[in-house]
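Just below is one structure, and these are the notes that go with it.
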């Protein structure tokens, strides 16, 4: 599940239409929809154009990779959980749950799962390559946009069900959309979609966040 898809989900949930709870899109971050279309993820021309990607790939700066992993943890932890908590507390029945507690247990990502994802993603990207131009400009943009989003959401009490809270959740998502759009112009965004998420997904790291439902 990439950031743009998660953002669209966040905006969708913030409008008060809570029908994505427990959907396959939530549980499988590596579907074709998650990968993004050619516009979001960059088409073959973007991926292979030296002027866009900065020339031949080189070993990635691990500090930059760690920064991307940190925003993933924030994205799925602080951000996804905020919307899931609001959904479960205010509309659990609409999503097929018998109680808010059952919904929260099913949807909210635990600290243990986030820690497991971070460990897995770090190992999966230990030898990853990146554009020769580097990732610093992308990670700086990504981190700033994510931090702003988390700060915005931290001010919202997800146990309160009101139109004002719905509007606040939507406003946070809209602000993030505006901020993150600037990041998509960076070569590092194509790297994130086409290299980072592939490596992390192939290693099964997202499975720690979205385990398969019990038979």
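Filtering 128, 156 for residues that are modelled with pLDDT of 90 or more, surrounded by 14 or more Cβ atoms within 10 Å (Cβ to Cβ) and in contact with a strand residue (DSSP E or B) (Cβ under 9 Å, 6 or more places away or on another chain) leaves a single hit, 128. Selection of region 93-106 for residues being touching a residue at least 60 places away in the same chain (Cβ under 8 Å), in a loop (DSSP other than H, G, I, E, B) and on the phi < 0 side of the Ramachandran plot yields only 97.
Criterion first (more than 22 Å from residue 63 (Cβ to Cβ) and buried (at least 18 other Cβ atoms within 10 Å of the Cβ)) does residue 133 satisfy it? Judged against the criteria, residue 133 is not a match. For region 141-153, residues that are touching a helix residue (DSSP H, G or I) at 6+ places or on another chain (Cβ under 8 Å) and either surrounded by fewer than 18 Cβ atoms within 10 Å (Cβ to Cβ) or in contact (Cβ under 8 Å) with a residue 60 or more places away in the chain (or both) total 9. Of the listed requirements (1) farther than 20 Å from residue 176 by Cα; (2) at pLDDT below 50, residue 15 misses just one: (1). Of the conditions (1) closer than 16 Å to residue 82 by Cα; (2) surrounded by fewer than 16 Cβ atoms within 10 Å (Cβ to Cβ); (3) in contact with a helix residue (DSSP H, G or I) (Cβ under 7 Å, 6 or more places away or on another chain); (4) without any contact (Cβ under 8 Å) to a residue 60 or more places away in the chain, residue 182 clears all except one; give me its number. Of everything listed in (1) closer than 16 Å to residue 82 by Cα; (2) surrounded by fewer than 16 Cβ atoms within 10 Å (Cβ to Cβ); (3) in contact with a helix residue (DSSP H, G or I) (Cβ under 7 Å, 6 or more places away or on another chain); (4) without any contact (Cβ under 8 Å) to a residue 60 or more places away in the chain, residue 182 misses just condition (1). The residue list 78, 67 contains one member that is assigned to a helix (DSSP H, G or I) and at pLDDT 90 or above, which is 67. All of 133, 199, 182 fail the test of being farther than 26 Å from residue 106 by Cβ and in a loop (DSSP other than H, G, I, E, B), apart from 133. Whether a residue is surrounded by 15 or more Cβ atoms within 10 Å (Cβ to Cβ), farther than 15 Å from residue 65 by Cβ and under 15 Å from the mean Cα position of the chain (by Cα) was assessed, and residue 200 does not pass this test. I'd like to know if region 161-177 contains one or more residues that are part of a helix (DSSP H, G or I), touching a strand residue (DSSP E or B) at 6+ places or on another chain (Cβ under 8 Å) and within 20 Å of residue 70 (Cβ to Cβ). No; the residues of region 161-177 include none that is part of a helix (DSSP H, G or I), touching a strand residue (DSSP E or B) at 6+ places or on another chain (Cβ under 8 Å) and within 20 Å of residue 70 (Cβ to Cβ).
The values are calculated or read from the model by the stated rules, or taken from the named source; none is laboratory data. Note that the coordinates shown come from a computational prediction; the quantities given were computed from them, not determined experimentally. Note: ideal-geometry Cβ built from the backbone for every residue, glycine included; neighbour counts use all protein chains shown.
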